[in-house]
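The values are calculated or read from the model by the stated rules, or taken from the named source; none is laboratory data. No experiment lies behind these values; they were computed from the predicted model shown. Positions of Cβ are backbone-derived with ideal geometry, glycine not excepted, and every protein chain shown enters the neighbour counts.
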Amino acid sequence: MKRQGVEYLSDNNLSGRFRSVSDFTNPLNLLKHPVLANDILRKIRYSLDLTDREMIQIFHASGQELPEIKLHTLLKKEDEKGFVLCSPPLLNAFLDGLIIFYRGSLKKPHPAVGPVAVSNNDVLRKIRIALACKDTDMLEVFKLAGTSLSKSELSAFFRRKDHKHYKECGDQFLRHFLQGLALYKKRPVQRKTVSRTETVWVKRKK
């Protein structure tokens, strides 16, 4: 159900969940609400230094046409004028496009049938595939955000839902991962030894 004064951008009338501005000022409330799709878009864009043009290319890669003016409404913050809530199908299209943008399209994706739901586990999995992250990379991302996981705990997030060791990725885990991803990708340099007496700092690639 839509709230007054808030627009929803959706290709099939599926809506996300609205959060009032006061929800963001109270740390306790952050634990009660799911992570907005818009938060995920903004954090990924920031972490990977994606331009508006690249964001549009990512949507386009999955077959989702998105004019630049609509992209800007999705990237606005909740208390900014013109903010539009990103729907699950749009988020899913972005994550699929992210994989194609970084890894290339191996086969044509099957069109979604019926309502599209994107779980936190789906977000983790698709970001991992897009960026070709190994277990060690994922664990380091979480560690940078102050969350320590074992390899078995991490692998539980990527198991099939009907697997006995499957674990649902909570909102706080996803927030920590997105926070850690920014820190991981924004590390400005990588130490490289040139000689026995000289060390230089090399800028990391995107």
Checklist entry - Can you name the residue in the range 155-175 that is without any contact (Cβ under 8 Å) to a residue 60 or more places away in the chain and under 17 Å from the mean Cα position of the chain (by Cα) and, of all such residues, is nearest to Gly104 (Cα to Cα)? => result Phe158
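Just the residues that are part of a helix (DSSP H, G or I) and surrounded by fewer than 18 Cβ atoms within 10 Å (Cβ to Cβ), please, taken from the range 123-143.
Those that are part of a helix (DSSP H, G or I) and surrounded by fewer than 18 Cβ atoms within 10 Å (Cβ to Cβ): Arg125, Ile129, Asp135, Thr136, Asp137, Glu140, Lys143.
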Next on the checklist: Being farther than 14 Å from Asn38 by Cβ, part of a loop (DSSP other than H, G, I, E, B) and out of contact with any Phe, Trp or Tyr (no Cβ under 7 Å at 6 or more places or on another chain): is that true of Asp162 here?
Outcome noted: yes
Checklist outcome for this item: Selection from the range 33-53 of residues surrounded by 14 or more Cβ atoms within 10 Å (Cβ to Cβ), of a type outside the set (Lys, Arg) and assigned to a helix (DSSP H, G or I) yields Ala37, Asn38, Asp39, Ile40, Leu41, Ile44, Tyr46, Ser47, Leu48
Checklist entry - If you go through the range 103-122 one residue at a time, do you hit one that is surrounded by 11 or more Cβ atoms within 10 Å (Cβ to Cβ), in contact with a Ser or Thr (Cβ under 7 Å, 6 or more places away or on another chain) and at pLDDT 90 or above? => result no
Checklist entry - Got at least one residue in the range 75-86 being under 25 Å from Leu181 (Cα atoms), part of a helix (DSSP H, G or I) and modelled with pLDDT of 90 or more? => result yes
